Number of protein chains: 2
Amino acid sequence: MSRRERLRAQTSDEIKAIALKLMAEGGPDAISLRAIAREMGMTAGAIYSYFATRDDLVTTLIGDVYTSLVEAAEAARDAVSESDAGGRIMAWAQAVREWALANPEGFRLIYGDPVPGYQAPEDSPGIAAGVRACAGITGLVAAAWPVAGVVLRDYDWRDFDAGLVAHTREEFPDLPPAGLALTMRVWGRMHGLVALEIYGHLRGLAHDPATVYRDEMRDLIASLGL
Amino acid sequence: MSRRERLRAQTSDEIKAIALKLMAEGGPDAISLRAIAREMGMTAGAIYSYFATRDDLVTTLIGDVYTSLVEAAEAARDAVSESDAGGRIMAWAQAVREWALANPEGFRLIYGDPVPGYQAPEDSPGIAAGVRACAGITGLVAAAWPVAGVVLRDYDWRDFDAGLVAHTREEFPDLPPAGLALTMRVWGRMHGLVALEIYGHLRGLAHDPATVYRDEMRDLIASLGL
DNA sequence: CCCTATGGTGAACGCCGTGTAGTAAATCAA
DNA sequence: TTGATTTACTACACGGCGTTCACCATAGGG
């Protein structure tokens, strides 16, 4: 890597770091090229040699932030013995909620709507992180398979995306198609309460959302027969 | 109501209608005072005699939109016999998802982050609609009480907001505090998958999210012993 | 040592929300 | 009917935004 490339990467990292700082302080909308440039002693136009557009920068940030969330969840899961499938689910779930509470703006960035009509490009790092999250939850489900107490319909592999199916069958050969459906349901169940809480819809209803969430996750784990 | 007041209300309604149209076309960020005024053949400044600020307008819209969602859910629920508690839950859940699919931008407006750092004022119509939604789900839970197969911790009335508790004890005198916790859990469970779907996080994973969601709701209903 | 590719500037364009001063018309009081 | 006042609205200005473009200084490689 030449000196030029090094400097370039450094500047690019600084842009992202400042963007993340601005976001943490003022939400996703506070990520403005002019504010970033101001903080760097540059002109807004200069950023365009690093990111084609503001949305491009945000797309990159989503990838970084999403990856940090997934890594937090994976680390929490891996801190629990593989033999304790239920404990690993709880660890993942708690890590997600705690990460979200610590990085509410990041959560909004990932699961909210950073840009009107924004659609992440197929090959963005955000998509990769999403796939990784999905794979993580699939692993949690697979470790509990066969599940005991969940209402399950029959599914077909064709009900799901081919790439996802290929990856799943390779990594979790014993998991039937219904396992993928259950993965999404588990994901939804972990996501729902956290999203409501982060976006303030539980504000002033329950004083301790953590307890409600823990109960919900205990019920989820119990329903898997763990 | 005088002629003045009638004209005033009419103009105000037109502003809101155009704002909703703009939102449906381009997402919440497309609600700009200038665009509304342009469409009405007015100046942007004129809107300030109807709404103190753009956020004020959005706050009002949230109330309208949220109310329309709650009314759709209530209507669907009421179309099912009171004796069929499980059917009423399913009807509510399906109505919420279908409304969200038909009004994705509305869903984003209610449950997303329309404005950076936006906090709805305590007395906004959006709060009222939220309370109404919460009450609706509480009713669904109360109709199934006592629940059979859910992991429930003991709760205290003091774990919840006093106003919510007062309303609940009056309307559903047989529901213990844990019922309120379960209400939030049910809400979260209905919300999670829909939010993931609306925000595109299931895109390209499951070909038919409706089936996954229906299964999840069936499981929820079964877990309540219905 | 020169040439060029590169990272940067600064001004411009057209959006945006938001104030303020002024105007014309509608309403009300006499 | 006439005069006073309230009200709806316009015109303009300010600062902020993303984005583009012509231009410049300089660091790197031959």
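The values are calculated or read from the model by the stated rules, or taken from the named source; none is laboratory data. Quantities reported herein were computed from a predicted structural model and do not represent experimental measurements. We place every Cβ from the backbone using ideal geometry, glycine too, and count neighbours over all the protein chains shown. Accessible surface areas use protein heavy atoms only, side chains included; no ligands, DNA or RNA. Shrake-Rupley method; radii C 1.70, N 1.55, O 1.52, S 1.80 Å.
Residue check, B:Gly117 against (1) farther than 25 Å from B:Arg97 by Cα; (2) surrounded by 21 or more Cβ atoms within 10 Å (Cβ to Cβ); (3) at pLDDT below 95, all met but one. Which one?
(2)
Tell me which residues, restricted to the stretch A:166-193, are over 24 Å from B:Met190 (Cβ atoms), open to solvent by less than 50 Å² (accessible area, probe 1.4 Å) and within 20 Å of the chain's Cα centre (by Cα).
Once the filter is applied, which keeps residues that are over 24 Å from B:Met190 (Cβ atoms), open to solvent by less than 50 Å² (accessible area, probe 1.4 Å) and within 20 Å of the chain's Cα centre (by Cα), the stretch A:166-193 yields only A:Thr168.
Does B:Arg38 fit the bill of being out of contact with any Ser or Thr (no Cβ under 8 Å at 6 or more places or on another chain) and open to solvent by less than 60 Å² (accessible area, probe 1.4 Å)?
Values: out of contact with any Ser or Thr (no Cβ under 8 Å at 6 or more places or on another chain): yes; open to solvent by less than 60 Å² (accessible area, probe 1.4 Å): no.
Here the answer is no, as B:Arg38 does not meet what is asked.
For the stretch A:23-44, give me the residue count where each residue is within 9 Å of DNA strand D (Cβ to nearest atom), at pLDDT 95 or above and assigned to a helix (DSSP H, G or I).
Of the residues in that region, 7 qualify.
Please go through the stretch A:38-54 and give me each residue that is among the hydrophobic types (A, V, I, L, M, F, W, C), more than 29 Å from the chain's Cα centre (by Cα) and farther than 15 Å from A:Gln10 by Cβ, ordered by number.
A:Ala44 - this is the single residue of the stretch A:38-54 that is among the hydrophobic types (A, V, I, L, M, F, W, C), more than 29 Å from the chain's Cα centre (by Cα) and farther than 15 Å from A:Gln10 by Cβ.
Give me a count of the residues in the stretch B:34-77 that are in contact with a helix residue (DSSP H, G or I) (Cβ under 8 Å, 6 or more places away or on another chain) and more than 16 Å from DNA strand C (Cβ to nearest atom).
14
Could we say that A:Leu61 is within 19 Å of the chain's Cα centre (by Cα), open to solvent by less than 30 Å² (accessible area, probe 1.4 Å) and without any contact (Cβ under 8 Å) to a residue 60 or more places away in the chain here?
So A:Leu61 passes the test.
Every residue in the stretch B:164-185 that is among the polar types (S, T, N, Q) and farther than 20 Å from A:Ala195 by Cβ, please.
Scanning the stretch B:164-185 gives a single hit, B:Thr168.
Here is a yes/no grid of residues against (1) polar (S, T, N, Q); (2) in contact (Cβ under 8 Å) with a residue 40 or more places away in the chain:
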residue: A:Gln10; (1), (2): yes, no
residue: A:Ala19; (1), (2): no, yes
residue: A:Glu25; (1), (2): no, no
residue: A:Pro28; (1), (2): no, yes
residue: A:Ile47; (1), (2): no, no
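Return only the number of the condition from (1) within 11 Å of DNA strand C (Cβ to nearest atom); (2) without any contact (Cβ under 8 Å) to a residue 60 or more places away in the chain that B:Ser81 does not satisfy.
Condition not satisfied by B:Ser81: (1).
Please go through the stretch B:191-226 and give me each residue that is more than 7 Å from chain A (Cβ to nearest Cβ) and closer than 13 Å to A:Asp161 by Cβ, ordered by number.
B:Arg203, B:Pro209
Would you mention how many residues in the stretch A:67-93 are open to solvent by less than 20 Å² (accessible area, probe 1.4 Å) and within 17 Å of A:Ile18 (Cα to Cα)?
Qualifying residue count for the region: 0.
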